[in-house]
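Report on one structure; see the data block that follows.
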Amino acid sequence: MAAGRWRRPPVHPAVRALAMVVAFVGTVLFGAVLARLTLEPSAASAALVHSNVRPGHSISAYLDGTSTIEAVRQLGGNVLMGVPFGVLLPVLLPPARGLLRVAVVTVALMTLVELTQGALVTGRVFDIDDVILNTAGALLGYLFVGLRLGRAVHPRRRHWWHR
């Protein structure tokens, strides 16, 4: 141990395994909720929705053109939808730990969800602002919970050159 540096003892393997199982179950449940929210057809709104590839366009439309409750519901819901990524990714995929890595994985996955939604689901379209808001939520989840949880379950190992 380096002088003046305190290191936590490693997490017991049973605790690590339990955390991984809980994170996996949480991911499956989150995937089911995500699919229900994003991939359910909405025939009634098919004529009302339009694709958006201009960052900020939908966000400003919600802020300027709808009630406060609707704006909070839409924008806040998209932010909240991203939070589980920031919490679960560092536990399930230790190499994905880190602010930039969480952002990249979230952008990739949410872009895939948005493309699928726009191509295959009636009344749903691709919206880049959803990807941006989901990624912001993932980063918040990572900063507030995922960072500590990932470090607790998967502590950094000391390499031979640090010994």
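The values are calculated or read from the model by the stated rules, or taken from the named source; none is laboratory data. Computed from a predicted model, the values in this text were never measured in an experiment. Here the Cβ positions follow ideal geometry from the backbone for every residue, glycine too, while neighbour counts run over all protein chains shown. Calculation scope for accessible area: heavy atoms of the full protein, side chains included, ligands and nucleic acids excluded. Shrake-Rupley method; radii C 1.70, N 1.55, O 1.52, S 1.80 Å.
Observations, loosely collected:
- Of the residues VAL102, VAL79, VAL131, VAL107, the single one that is open to solvent by 30 Å² or more (accessible area, probe 1.4 Å), aliphatic (A, V, I, L, M), assigned to a helix (DSSP H, G or I) and without any contact (Cβ under 8 Å) to a residue 60 or more places away in the chain is VAL107.
- If the condition is being assigned to a helix (DSSP H, G or I), closer than 17 Å to ASN134 by Cβ and either in contact with a Gly (Cβ under 6 Å, 6 or more places away or on another chain) or open to solvent by 50 Å² or more (accessible area, probe 1.4 Å) (or both), then the range 52-69 contributes HIS57, TYR62.
Each row is one residue, and each column tells you yes or no for (1) modelled with pLDDT of 80 or more; (2) over 20 Å from ASN78 (Cβ atoms).
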site	(1), (2)
TRP6	no, yes
THR27	yes, no
PHE30	yes, no
SER42	no, no
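- Reported count of residues in the range 110-128, each being open to solvent by less than 70 Å² (accessible area, probe 1.4 Å), part of a helix (DSSP H, G or I), over 17 Å from PRO84 (Cβ atoms) and aliphatic (A, V, I, L, M), is 1.
- Here ARG97 fulfils each of the conditions (1) at pLDDT 90 or above; (2) open to solvent by less than 40 Å² (accessible area, probe 1.4 Å); (3) among the charged types (D, E, K, R) apart from (1).
- Verdict on ALA47 being of a type in the set (Gly, Ala, Ser), over 22 Å from the mean Cα position of the chain (by Cα), farther than 30 Å from HIS154 by Cβ and at pLDDT 80 or above: no
- The residue pairs whose first member lies in the range 86-97 and is at negative phi, whose second member is open to solvent by less than 50 Å² (accessible area, probe 1.4 Å) and among the charged types (D, E, K, R), and whose beta carbons are closer than 7 Å, counting only pairs six or more residues apart or on different chains, are PRO90/ARG97.
- Hey, ALA103 under 17 Å from ASN134 (Cβ atoms) and modelled with pLDDT under 85 or not: no
- Of the residues making up the range 126-141, at least one is over 30 Å from ALA17 (Cα atoms) and modelled with pLDDT under 90.
- Residue check, GLY146 out of contact with any Asp or Glu (no Cβ under 7 Å at 6 or more places or on another chain) and either surrounded by 22 or more Cβ atoms within 10 Å (Cβ to Cβ) or in contact (Cβ under 8 Å) with a residue 24 or more places away in the chain (or both): yes
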